[in-house]
1. Sort out which residues of the range 1-39 are of a type in the set (D, E, K, R), exposed (fewer than 10 other Cβ atoms within 10 Å of the Cβ) and not in a helix (DSSP H, G or I), and write them in order of number.
2. Looking only at residues in the range 137-183 that are of a type in the set (Val, Ile, Thr) and assigned to a loop (DSSP other than H, G, I, E, B), which one is surrounded by the most Cβ atoms within 10 Å (Cβ to Cβ)?
3. Taking the conditions exactly as written (aromatic (Phe, Trp, Tyr) and either within 26 Å of residue 20 (Cα to Cα) or touching a Phe, Trp or Tyr at 6+ places or on another chain (Cβ under 7 Å) (or both)), does residue 205 satisfy them or not?
4. Which of the residues spanning the range 69-86 are in a loop (DSSP other than H, G, I, E, B) and surrounded by fewer than 17 Cβ atoms within 10 Å (Cβ to Cβ)?
5. Hey, among 125, 91, 100, which residue is of a type in the set (Gly, Ala, Ser), more than 21 Å from residue 189 (Cβ to Cβ) and either modelled with pLDDT of 95 or more or surrounded by fewer than 24 Cβ atoms within 10 Å (Cβ to Cβ) (or both)?
6. Going by the conditions given, is residue 231 buried (at least 17 other Cβ atoms within 10 Å of the Cβ) and either within 20 Å of residue 14 (Cα to Cα) or not hydrophobic (A, V, I, L, M, F, W, C) (or both)?
7. Please list, ordered by first then second residue, the pairs with beta carbon atoms under 9 Å, 6 or more apart or interchain, first in the range 99-113 and under 12 Å from residue 51 (Cβ atoms) and assigned to a loop (DSSP other than H, G, I, E, B), second hydroxyl-bearing (Ser, Thr, Tyr) and at pLDDT 95 or above.
Amino acid sequence: MEKHILIDHQEVLKRFRPISENSHKGVQGHALIVGGSYGKIGSVCLSAKACLKSGAGLVSAYIPKCGYDVVQSVVPEVMVLTDDYYEHITSINHKLSLQSIGIGMGIGQHLETQQAMFHFLKMNSAPMVIDADGLNILSENKEWLEMLPKQTILTPHLKELRRLIGDWNSDGEMLEKVISYSCKYNLIVVVKGAPTLIVNGEKIYQNTSGNQALATAGSGDVLTGIITGFLAQDYAPVDAAILAVYLHGLSANLGAVEIGHHSFIASDIINYLGKAFLTLK
């Protein structure tokens with residue numbers, strides 16, 4: 001197995017494209033964030049805002065009705081579509097022309113939500129990131145993996161990864177299983193941890209940014225939003241994952257210097273993203 005490729009400043013600069021001076025929101029890509037259920041609308045707010053802050057031109061959120069006022073108030077720049085049902089998603093219908101989709105954060109695992117996800121996956125061809133309960137739903141319905149667009153990005157933490165690929169006895173065995181899973185379904189797997197690894201077939205990238213400040217609720221929702229934002233801007237999926245993971249970690253490095261590890265929360269990742277981007281100038 002080949003050596004891990006380190007995701008550092010140089011590796012990121014190779015892939016990063018500054019936004020053109022004559023750009024406008026129509027060419028920066030339209031992303032859709034699908035998620036949320038009663039009590040978990042904050043996850044969509046974090047993802048959608050992070051998606052915008054990573055350079056997507058337009059971001060829409062698809063949520064159950066209970067979240068409408070919340071998302072419109074918390075992230076006024078985001079457009080909102082709602083399900084007919086109040087507490088959770090029962091169908092995912094839209095007529096948008098999309099460049100990327102992030103799905104799963106806070107979505108829950110209701111049977112109706114699972115059915116909605118099935119019908120959505122069957123119809124969708126846009127580049128996609130799947131996180132949180134989206135992954136848990138996939139782990140219960142492994143045959144759906146065949147419907148995912150090539151190079152779909154999955155972003156599991158270790159517990160979610162176990163549900164997807166089964167248990168392992170060593171880090172080496174875990175990596176072997178992730179590589180074979182990635183190859184079998186042509187997926188990119190972002191294994192969140194310290195350090196975060198990105199597995200794209202036989203290639204393994206190891207992130208060098210980040211610290212313990214990221215061990216906080218909502219951190220993963222922000223990462224999904226950033227990846228979705230880069231996908232919307234027409235980055236290759238592996239480049240979108242590499243840039244997002246690095247900048248997500250770098251935001252924590254920059255923020256921890258000013259506010260420490262204890263008080264750093266997920267929305268601070270978004271607040272420090274601008275400073276992280278400035279290091280790529």
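1. Correct list: 2, 3, 21.
2. Here the residue is 155.
3. no
4. Selection gives 76, 77, 84, 86.
5. Of the residues listed, the single one that is of a type in the set (Gly, Ala, Ser), more than 21 Å from residue 189 (Cβ to Cβ) and either modelled with pLDDT of 95 or more or surrounded by fewer than 24 Cβ atoms within 10 Å (Cβ to Cβ) (or both) is 91.
6. Taking the combined requirement at face value, the residue satisfies it.
7. Listed pairs, sorted by first residue: 105/43; 105/47; 105/224.
The values are calculated or read from the model by the stated rules, or taken from the named source; none is laboratory data. A quick note: this is a predicted structure, and the numbers were derived from the prediction, not measured. Please note: Cβ atoms are built from the backbone with ideal geometry, for glycine as well, and neighbour counts cover all protein chains shown.
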